[in-house]
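Heads up, the thing below is written out as structure tokens.
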């Protein structure tokens with residue numbers, strides 16, 4: 001079985017694949033100070049809860065990480081507890097997807113995994129919208145080339161900045177308001193967050209498609225389910241797209 005780990009700035013998502021099937025998955029907070037032993041204990045407990053063996057059943061580890069200290073801890077975990085090297089998406093790894101960026105080394109691992117996963121599922125041209133700490137939008141050509149994308153502040157970052165700078169505003173639950181024209185401060189913030197980000201994504205997708213033509217538009221990420229129902233451009237929702245991309249890259253580097 002393959003252990004696929006997507007370590008983002010806010011959360012880390014862990015998936016266990018049996019062949020091409022995602023058998024189980026878990027989500028934890030990303031804490032850079034965790035040691036390899038602490039991470040191993042957490043993963044062992046997750047696996048044990050569902051009847052999987054930490055020692056006998058995990059035959060590979062694939063990692064996409066945007067946090068260098070977490071990357072180092074996961075590498076050490078794999079060596080220490082599994083006895084082999086983890087596959088980390090980084091320069092030199094065969095992804096099967098040409099990276100047409102001015103400097104390919106600048107493209108984050110999760111962005112590559114998302115593009116690989118989307119192209120495998122929907123072909124090209126395709127667009128991936130990942131609602132994470134940042135909202136990233138990736139473009140994949142008809143021939144399966146990573147073309148580039150856009151990056152903007154994520155929903156939680158934007159709201160944290162709003163509440164931090166505006167003393168009279170308070171945190172609200174991220175749910176659709178009763179009215180688009182908010183009848184209270186809470187509704188107004190909810191309207192701005194949900195419909196505002198949906199509109200922002202739609203505007204960028206429209207501009208992408210003006211260059212690419214009609215695309216398959218795929219959403220992923222922890223916040224996607226809040227915004228996706230109010231977007232007119234998003235067509236598909238793949239919550240575990242990054243993990244699927246990791247699995248594909250891992251398979252392409254075997255043997």
- Message: Test of understanding: among 21, 12, which residue is loosely packed, with under 13 Cβ neighbours inside 10 Å and at pLDDT 90 or above?
- Response: 21
- Query: in contact (Cβ under 8 Å) with a residue 60 or more places away in the chain, out of contact with any strand residue (DSSP E or B) (no Cβ under 6 Å at 6 or more places or on another chain), on the phi > 0 side of the Ramachandran plot and surrounded by fewer than 18 Cβ atoms within 10 Å (Cβ to Cβ): does that describe residue 92?
  - Reply: no
- Message: If I ask for residues that are part of a loop (DSSP other than H, G, I, E, B), more than 30 Å from the chain's Cα centre (by Cα) and surrounded by 11 or more Cβ atoms within 10 Å (Cβ to Cβ), which ones from the stretch 170-191 would you list?
- Response: 179, 182, 183, 184
- Message: On the basis of being out of contact with any strand residue (DSSP E or B) (no Cβ under 7 Å at 6 or more places or on another chain), within 29 Å of residue 6 (Cα to Cα) and crowded, with 16+ Cβ neighbours inside 10 Å, does residue 230 make the cut?
- Response: yes
- Task: Check residue 77 against each of (1) assigned by TED's automatic domain parsing to the domain that holds residue 224; (2) in contact (Cβ under 8 Å) with a residue 40 or more places away in the chain; (3) not in a strand (DSSP E or B) and name the one condition it does not meet.
- Result: (1)
- Query: How about the stretch 114-140: which of its residues are modelled with pLDDT of 95 or more, part of a loop (DSSP other than H, G, I, E, B) and at negative phi?
  - Reply: 125
- Note on the structure: Scanning the stretch 203-227 for residues that are crowded, with 20+ Cβ neighbours inside 10 Å and within 18 Å of residue 139 (Cα to Cα) gives 205, 208, 215, 217, 218, 219, 220, 221, 224
- Note on the structure: Here the residues within the stretch 66-76 that are modelled with pLDDT of 95 or more and surrounded by 18 or more Cβ atoms within 10 Å (Cβ to Cβ) are 70, 71, 73, 74
- Task: Pick out the one residue from 248, 194 that is in a helix (DSSP H, G or I) and within 30 Å of residue 87 (Cα to Cα).
- Result: 248
- Name the one entry in 111, 143 that is within 16 Å of the chain's Cα centre (by Cα) and either assigned to a loop (DSSP other than H, G, I, E, B) or within 15 Å of residue 239 (Cα to Cα) (or both). 111
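The values are calculated or read from the model by the stated rules, or taken from the named source; none is laboratory data. These numbers come from a predicted model, not from an experiment. We place every Cβ from the backbone using ideal geometry, glycine too, and count neighbours over all the protein chains shown.
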